[in-house]
Amino acid sequence: MQQHVFAIAKTLATLGVKHVIICPGSRSAPLVYAFADDKNFCCYSVIDERSAAFIALGMAQQIKQPVVLICTSGSALLNFFPAIAEAYYQKIPLIVLTADRPPEFLNQQDGQMIMQKNIYGTHVHYSDELPCYTIGKENFKKTSEIIFTAFQISKRKLGPVHINVPLREPLYDRIKLTAEKKDTLPASIKLNAPFTETKIKRQQNKALIDAWKRSKKKIILIGQFPVNDKLFTALRAFKNIGDTVILCDILSNKQSVCTIPNFDLVLSQANEKTLKQLEPDMLISIGGPVLSKSLKLWLKNQKPNYHFRIQDDNDLIDTYNNVTQFIRDDHFETLKVLGSFSDINSDYKKFWQALDKRTNEAVDSFLEQYSPKKRNQKFSELHATNIILKNIPDAVNFHIANSSCIRYVSLLGKLNDSWVMSGNRGTSGIDGCTSTALGAALINNRLTLLLTGDLAFLYDRNALWNKHVPNNLRIIVFNNFGGGIFQLIDGPSSHKNKLNYFTTPHQTRIKNTVLDNDMEYYFCDSEEGLKKVLPAFFDPDKRASVLEITFDMDQNAGIFKAFKKIKI
Ligand SMILES: Cc1ncc(C[n+]2csc(CCOP(=O)(O)OP(=O)(O)O)c2C)c(N)n1
């Protein structure tokens, strides 16, 4: 067996990597030995590579440190791709090690071999291939250097990196490295090599301060963001500044500094005149994408005098096509400077807040008016979301899958400050939401809740097909027997005869998947049922559980359409 695999593991151990997801295969056997033998690593075995990669993503999302993924040669590594794309767009560090066969066999009708080099193209920040060494001639130093470079780039750029590792037979003869060789492995790593520090240019700072002083209608917009104390502290100073409106995406993890929790609904319900009045003359945007469609549309249709985009890297992101200046600042020093300026008296924020309050009242009265009991109707997803949001315990990891449920949460805007919010909004796929939540649950002790639709749940049911499903995992499935979102949005719902191509109705039983995987199963289909079941479901001493709530898709759509007509 080639010995440089030990240099890979040792280098990553020295750099502090802890978690390794291993997918089974023969070609990857030397890598398995190298990592599984090293006490520094916590290794998890997962059969389905697509799920494995999302589990790694869910872990790295929580710890903000690279997680290692290992698989065998051939189509196995293609199944990593959805999670790699998600990691790229969500800025999550992953180190992907794909075992390969010796290069001379490629395209010579040898089995389980595809063109693995650079397979992830531009969706990884770094891609390299280790030499396929002759046994006894492995170069440990070079191996360490390549792995170190990959690690550094993954950490600095925050994203996935890929190393293809061609391995020769024999693959299973485990020769232990001599102590002497082991010690030489990490010597080439300069552990203290500094990451590039970002500095704000004085001039930019001045331009920003001048604009700030000149502007009367100011919005700070925070997109998706992991928990970040520096940004939180910088923003807290603004919360009480009279003229600054802070809008926070539901996945921004800054819910407690958000000044307009209902902004998504405010912007979707306001008339043209009000939307005009709400326009800022200065916008500062920070973080990843925002979920709210109405916010995106509104911002794309205006040109504020100033739009400063603060980001921690060199990507020039201009979602609304109106950035006037980019500022690179990952310490949010820029914001702290602004936060120290005193209040300018303006009615702008008060106007926003009055609308927010009215919207809140309108939502409450809608939910009351459309209460299923009052109307003798079935329970709706909107009502269920409202009850769930009121009953989720403090300090949970709250994952929301892609589809209607994330839109309901965004529109209802009732987030608890102590929840850690996550979702796969990098590429917004439904293919790995459960695996990602499972990865998050595995890596910390907090109760982890996933709110998901039936298609997203069934699509990724292999997430539960491994022996690692932890007790702190809770999943709520909104089962409307298909992709209900396509009835909520205007396009597909206006073509009734083709609707099934979008909604994909099915009869698959959620319960069977849950019991197949030896988890606790709960069910309800009414408001009283939900209120009754939630305390047991959230009991932290219970095993991993799934709560299925069934709904009628047509009726849901009707209630949602009425909701979208509420007047504020
Ligand atoms: C991998 C992938 N395939 C397809 C889609 C398109 N898509 C978005 S939502 C959705 C339906 C989701 O249905 P479900 O999870 O049941 O939630 P609901 O629509 O009922 O809220 C589909 C197919 C996607 N986002 N990702």
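Quick note: the coordinates plus some simple rules give every number you see, no bench work behind them. Predicted, not measured: the structure shown is a model, and the values here were computed from it. Neighbour counts run over all protein chains shown; Cβ positions are idealised from the backbone, glycine included.
List residues of the stretch 127-144, by number, whose backbone nitrogen lies under 16 Å from a label position 7 Å along Cα→C-beta of L106.
127-133
In nm, to one decimal, how far is the E333 label point from the A395 one, both placed 7 Å along Cα→Cβ?
The answer from the label model is 3.5 nm.
Taking 0.36 nm per intervening residue step and subtracting the Cα-Cα distance, what contour gain separates D347 from D554 on full extension?
Working: separation 207, 0.36 × 207 = 74.52 nm, distance 4.26 nm.
Taking 0.36 nm per residue and subtracting the Cα distance, the gain is 70.3 nm.
Quick check on packing: order 422-433, 346-357 by the mean number of other C-beta atoms within 10 Å, highest mean leading. Please report the intermediate quantities before stating the final value.
On the way: 422-433: 23.0, 346-357: 16.5.
Per-residue Cβ counts within 10 Å, averaged per peptide and sorted highest first, yield 422-433, 346-357.
For D312 and N517, what is the calculated FRET efficiency with R₀ set at 35 Å and r taken between the beta-carbons, to the nearest 0.05?
On the way: r = 39 Å, r/R0 = 1.12.
For D312 and N517, the calculated efficiency is 0.35.
Using θ = phi - 60° and the Karplus form 6.51 cos²θ - 1.76 cosθ + 1.60, what ³J(HN,Hα) does each residue of the stretch 391-406 get, whole Hz, x for Gly and Pro?
So the J values, rounded to whole Hz, are 10, 5, x, 5, 6, 8, 7, 10, 9, 10, 6, 7, 1, 4, 4, 5.
Given 37 °C and 0.692 mPa s, compute D for the stretch 515-568 with the Stokes-Einstein relation, Rh being the Kirkwood radius over Cα pairs; round to the nearest whole µm²/s.
Numbers: Rh = 13.4 Å.
So the translational diffusion coefficient is about 245 µm²/s.
Cross-link candidates for K141: which lysines have Cα within less than 28 Å, leaving aside residues fewer than 8 places away along the same chain?
Hits, sequence-local ones excluded: K10, K18, K39, K64, K117, K155, K157, K176, K181, K182, K190.
State the cysteines of the chain left without a partner when partners are defined as other cysteines whose beta carbon lies under 4.7 Å away.
For the chain, the answer is C42, C43, C132, C405, C433, C524, because their Cβ atoms have no other cysteine Cβ under 4.7 Å.
With each pseudo-label sitting 7 Å past Cα toward Cβ, what's the T324-R543 distance in nm, one decimal?
Placing both labels 7 Å beyond Cα along the Cβ direction yields 6.1 nm.
Taking only Cα atoms, what is the 0 to 90° angle, nearest 10, from helix 433-443's long axis to the longest principal axis of the chain?
70 degrees
Sort 296-305, 150-159, 501-510 by the packing proxy (mean of other Cβ within 10 Å over each peptide's residues), most packed first. Write down the numbers at each step before the final one.
Details: 296-305: 15.6, 150-159: 20.8, 501-510: 13.6.
Listed from highest to lowest mean packing, they are 150-159, 296-305, 501-510.
At a Förster distance of 35 Å, what's the computed FRET efficiency of Q277 paired with S256, Cβ-Cβ distance as r, to 0.05? Please report the intermediate quantities before stating the final value.
Values: r = 27 Å, r/R0 = 0.76.
According to the calculation, E is roughly 0.85.
What ³J(HN,Hα) values, in whole Hz, does the Karplus curve 6.51 cos²θ - 1.76 cosθ + 1.60 give for the stretch 370-385 when θ = phi - 60°, with x put for Gly and Pro?
9, 4, x, 5, 4, 9, 6, 10, 6, 4, 10, 4, 5, 5, 4, 4
Helix 202-214: angle to the longest alpha-carbon principal axis of the chain, degrees 0 to 90, nearest 10?
20 degrees
Residue separation times 0.36 nm, minus the C-alpha to C-alpha distance between K300 and T233: what's the value?
Working: separation 67, 0.36 × 67 = 24.12 nm, distance 2.89 nm.
Stretched fully, the K300-T233 segment lengthens by 21.2 nm.
How large is ³J(HN,Hα) for each residue in the stretch 31-41, as worked out from phi by the Karplus curve 6.51 cos²θ - 1.76 cosθ + 1.60 (θ = phi - 60°), to whole Hz, x for Gly and Pro?
Taking θ as phi minus 60°, the curve returns 5, 4, 4, 4, 7, 5, 7, 9, 5, 6, 9 Hz for the stretch 31-41.
As a test of the formula, what do you get for the chain when each DSSP H run with n ≥ 4 contributes -39,500 (n - 2.57) and the sum is divided by the residue count, at 222 nm and rounded to the nearest 500 deg cm²/dmol? Intermediate values should be presented prior to the final figure.
Details: 24 runs with 226 residues, N = 568.
Result for the chain: -11500 deg cm²/dmol, rounded to the nearest 500.
Restrict the search to the stretch 526-563; then list the trypsin sites (Lys or Arg not before Pro) that DSSP places in a loop and that have at most 16 other Cβ atoms within 10 Å of their Cβ.
K542, R543
Given 4 °C and 1.567 mPa s, how large is the Stokes-Einstein diffusion coefficient of the stretch 370-563 in µm²/s, with Rh as the Kirkwood radius over Cα pairs? Could you put the intermediate results ahead of the total?
Working: Rh = 16.8 Å.
Rounded to a whole number, D works out at 77 µm²/s.
Sort 405-411, 126-132, 102-108 for me by packing, meaning the mean count of neighbouring Cβ atoms within 10 Å per residue, highest on top. Let's see the in-between values first.
Details: 405-411: 24.1, 126-132: 18.0, 102-108: 11.6.
The most tightly packed comes first, giving 405-411, 126-132, 102-108.
Give me the net charge for the shell around V477: Cβ to Cβ below 15 angstrom, other residues only, Lys and Arg +1, Asp and Glu -1.
On the way: positive: R461, R474, R509, K511; negative: E381, D454, D460, D516, E520, D525, E548.
Result for the neighbourhood of V477: -3.
Which FRET efficiency value, to the nearest 0.05, is calculated for R214 and K293 with the Förster distance at 51 angstrom and r the Cβ-Cβ distance?
Values: r = 31 Å, r/R0 = 0.60.
Plugging the Cβ-Cβ distance into 1/(1 + (r/R0)^6) gives 0.95.
With bins 5 Å wide starting at 0, give me the P(r) of the stretch 202-352 over every alpha carbon pair, in whole percents.
Calculated P(r), rounded to whole percents: 2, 10, 20, 25, 23, 15, 4, 1, 0.
Could you give me the percent of Cα pairs per 10 Å distance bin for the stretch 4-169, shortest bin first, beginning at zero and ending with the bin that holds the maximum distance?
Once binned at 10 Å, the Cα pair distances of the stretch 4-169 give 12, 45, 37, 6, 0.
With Cβ to Cβ distances under 10 Å as the rule, what net charge do the other residues near F523 carry (K, R +1; D, E -1)? Intermediate results must be reported in sequence, preceding the final value.
Details: positive: K511; negative: D525, E548.
Local net charge: -1.
Mind grabbing the base-10 log of I(q)/I(0) for the chain at q = 0.06, 0.11, 0.12 Å⁻¹? Debye formula, identical points on the C-alpha positions, no solvent, two decimal places.
Here log10 of I(q) over I(0) equals -0.34, -1.06, -1.20.
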